[in-house]
Amino acid sequence: MKIMLTLLLSALCAFAFEIGNGKSLILTLDDSHGVLELNDRNITVLPHPLYPKKGIAIIPIDYHEHPHLINAQWTTPDETIALEFNVTSATYPTEVITVDHAKVSPPPEVLERIALEKAEAEAIYNHITPKRYWNKPFIRPIDSITTSQYGSARTYNGVLKSYHGGVDFRAKTPLPILASNDGVVVLVKERYYAGGTVIIDHGEGVYSCYFHLSQFNVKVGDPVIQGQNIALSGATGRITGPHLHFGFMLQGIQSDPIEFMAQIETLFTQSRIMVYNSKKSPIL
């Protein structure tokens, strides 16, 4: 059996794939069935959006994973194929940010709220809806410049607190925020850190997230289509000024949204596919 990988992916040899921490990899396979078994989790092979008899495997790597080799196998109804994934250290910038002290060291009376909001979001992200809602590439939710990259190590008020789990887009005035793709709204809420929040389930473990909103134009349970006005940008939650935080959760793991969208787009635009065979050289 063969494994096919789009030309967007680089530095590959047969069955040895490289992924940076905090990134994701989309493998294109010649069969839409089976399970990719990694060290600590199983990833279901999904039908390719254009070629249903082909398959794709969306493999996110946690930001906090250290460099190591993952020995994996793809188990299909017919056979089992060994693969290796080399997790590397991606390069990320650092940021120094000054915000309201209460957003760095929350007062005791809001700690329970923060914990409940975290648990609620994790329950959403860890649920995998079997149905796929999207059938086209994802789009940016706002036509604006990026002011903060994914993965930045963030020092708030002199204390290293976290990394940036999405990208920020400039939005100085309330601007329409658009759904990145078709899906179903699963959270509409004002949260302590994220401020006004909308989360959309796109199916198969893919969620898009929109934070710091000032107004909601959808409610939980609403089906949405790509480009639909779901909210207005704002300056709510832990912020230094008005902007939109946009991110993706893939199978419960945060991933670089710009890179993920680029890989999805390649599934629809690729004109050549690189074929790998366990016993032969790559064939174009």
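The values are calculated or read from the model by the stated rules, or taken from the named source; none is laboratory data. This one's a predicted model, so the numbers in the text were calculated from it and none came from an experiment. When we count neighbours, we look across all protein chains shown, and the Cβ atoms used for this are built from the backbone with ideal geometry, even at glycine.
Looking only at region 256-278, decide whether some residue is under 27 Å from Arg113 (Cβ atoms) and outside the structural domain of Leu116 (by TED's automatic domain parsing). Checked region 256-278: at least one residue is under 27 Å from Arg113 (Cβ atoms) and outside the structural domain of Leu116 (by TED's automatic domain parsing). Can you name every residue in region 238-284 that is in contact with a His (Cβ under 9 Å, 6 or more places away or on another chain) and either among the hydroxyl-bearing types (Ser, Thr, Tyr) or modelled with pLDDT under 90 (or both)? Correct list: Arg238, Ile239. Does Ala72 satisfy being of a type in the set (Gly, Ala, Ser) and within 28 Å of Glu18 (Cβ to Cβ)? Considered against the rule, which asks whether it is of a type in the set (Gly, Ala, Ser) and within 28 Å of Glu18 (Cβ to Cβ), Ala72 comes out as yes.
Conditions (1) among the hydroxyl-bearing types (Ser, Thr, Tyr); (2) touching a Gly at 6+ places or on another chain (Cβ under 7 Å), marked per residue:
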| residue | (1), (2) |
| --- | --- |
| Lys136 | no, no |
| Gly151 | no, yes |
| His164 | no, yes |
| Ala171 | no, no |
| Arg191 | no, yes |
| His202 | no, yes |
| Leu213 | no, yes |
| Thr240 | yes, no |
| Leu244 | no, no |
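Across region 52-66, the qualifying residues are those that are touching a strand residue (DSSP E or B) at 6+ places or on another chain (Cβ under 9 Å) and without any contact (Cβ under 8 Å) to a residue 40 or more places away in the chain, and the one among them that is surrounded by the most Cβ atoms within 10 Å (Cβ to Cβ) is Gly55. The set of residues from region 48-75 being within 15 Å of the chain's Cα centre (by Cα) and more than 27 Å from Thr91 (Cβ to Cβ) is empty. Check region 121-139 and report whether any residue there is more than 23 Å from Val218 (Cβ to Cβ) and exposed (fewer than 15 other Cβ atoms within 10 Å of the Cβ). Checked against the condition, which is being more than 23 Å from Val218 (Cβ to Cβ) and exposed (fewer than 15 other Cβ atoms within 10 Å of the Cβ), region 121-139 yields no hits at all. Is it the case that Ile239 is within 16 Å of Asp168 (Cα to Cα), of a type in the set (Val, Ile, Thr) and surrounded by 18 or more Cβ atoms within 10 Å (Cβ to Cβ)? Considered against the rule, which asks whether it is within 16 Å of Asp168 (Cα to Cα), of a type in the set (Val, Ile, Thr) and surrounded by 18 or more Cβ atoms within 10 Å (Cβ to Cβ), Ile239 comes out as yes.
For (1) under 18 Å from Phe248 (Cβ atoms); (2) part of a loop (DSSP other than H, G, I, E, B); (3) at pLDDT 95 or above, each residue gets a yes or a no:
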site	(1), (2), (3)
Phe85	no, no, no
Thr91	no, yes, no
Ser105	no, yes, no
Ala115	no, no, yes
Thr129	yes, yes, yes
Tyr133	yes, yes, yes
Arg140	yes, yes, yes
Thr155	no, no, no
Leu160	no, no, no
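For the residues Gly165, Gly151, the requirement of being in contact with a His (Cβ under 7 Å, 6 or more places away or on another chain) and either farther than 19 Å from Ala262 by Cβ or not aromatic (Phe, Trp, Tyr) (or both) singles out Gly151. Would you confirm, using the coordinates I've provided, whether Glu190 is touching a strand residue (DSSP E or B) at 6+ places or on another chain (Cβ under 8 Å) and under 30 Å from Ala90 (Cα atoms)? No, not satisfied.
Among residues of region 219-237 being in contact with a Pro (Cβ under 7 Å, 6 or more places away or on another chain) and modelled with pLDDT of 95 or more, the one that is farthest from Arg113 (Cα to Cα) is Asn229.
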